[in-house]
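For reference, the structure discussed in these notes is given below.
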Amino acid sequence: MLRKRFISPLLIGLTLSSLPALANAGKKPMCHTFEGTFTIAVDNHCDVTKLSGRRYWYPDVQFLSEVGVPDTCFTGSVTGTLGGLPMEGKTYSGQTVNNFPTLDQKQLFTAITVLDAKTIHGHRLGKIIFKDTGIVDLTNFLANEQLIATAGTNYFQNITGSIAATGNEFAGANLSGQLCISSKR
């Protein structure tokens, strides 16, 4: 029993000690492949509009929910790897006001997504703020979305890069991309 208790903190320590390797001590950011899955559900409370960093991260954004368009905010979960290290997180997102028309049952959209990430052992890594652009087929909800990292906190403070989401995000879409992290502060 004592051995089991000792292994868990040891594994957590090894995982946490690997995290600084994601950031480069020099001026050049270290870029890492991100692979994972993403599943969302409608968020009737539209939590993305209430996050404490909103005025700093995306002050010029107006969400569709704020102009009376229902079912345009989402919460979700992400599981994946960043630079080979497993991570998971919760997402908050909302479609934003734009002038895109609906074309043949395909809707172009813009959005803000905030990923609150942690290690699989529960250690908080920080938030990544994305500005999104995509297209969704309204007949089957298959989406192609590009998420551009614009800001971050903690380990992700100086993050850049992008992630593509493809598939039905309500059933589980694939994520792939590259995120670059610099330790400059």
Exercise. Taking θ as phi - 60°, what are the ³J(HN,Hα) couplings along region 107-115 by the Karplus curve (6.51, -1.76, 1.60), each to the nearest whole Hz, with x for Gly and Pro?
Worked result: 10, 7, 8, 10, 7, 10, 10, 10, 9
For this session: For an R0 of 30 angstrom, estimate the FRET efficiency from the Cβ-Cβ distance between S176 and R55 and round to the nearest 0.05.
Result: 0.45
For this session: Let me know the Rg and Dmax you get for region 51-185 when you use only its Cα atoms, in Å.
Result: 15.0, 47
For this session: Evaluate E = 1/(1 + (r/R0)^6) for T110 and M30, where r is the Cβ-Cβ distance and R0 equals 45 Å; express this FRET efficiency to the nearest 0.05.
Result: 0.95
Problem set entry | Whole-Hz couplings from phi, Karplus 6.51/-1.76/1.60, listed for region 135-142; x for Gly and Pro | 9, 10, 7, 6, 7, 9, 6, 6
Exercise. Can you give me the Cα centroid spacing of region 122-147 and region 57-85 in angstrom?
Worked result: 7
For this session: Please list the non-local residues whose amide H lies under 5 Å from the amide H of D43, H modeled 1.01 Å from N, same-chain partners needing a gap of 5 or more.
Result: C73, F74, T75
Exercise. Of the trypsin sites (Lys or Arg not before Pro) in region 26-63, which ones lie in a loop per DSSP and count no more than 11 other C-beta atoms within 10 Å?
Worked result: K27, K50
Problem set entry | Label-point gap, in nm, between T150 and V69 - each point 7 angstrom along Cα→Cβ | 1.6
Problem set entry | Förster radius 22 Å - calculated FRET efficiency between H45 and T102, Cβ distance, rounded to 0.05 | 0.25
For this session: Work from the charge dipole of region 32-100 (Cβ charges, +1 for Lys and Arg, -1 for Asp and Glu, about the Cα centre) and give the residue of Y92, Y58, T33 farthest towards its positive end.
Result: Y58
Exercise. Lys/Arg Cβ at +1, Asp/Glu Cβ at -1, dipole of region 53-185 taken about the Cα centre: which of N140, G177, T119 is farthest positive-ward?
Worked result: T119
For this session: Pop a pseudo-label 7 angstrom from the Cα along the beta-carbon direction at both Q62 and T81 and give the gap in nm to one decimal.
Result: 4.4
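Coordinate-derived values only; no laboratory data. Computed from a predicted model, the values in this text were never measured in an experiment. Virtual Cβ from ideal backbone geometry, glycine too; neighbours counted across all protein chains shown.
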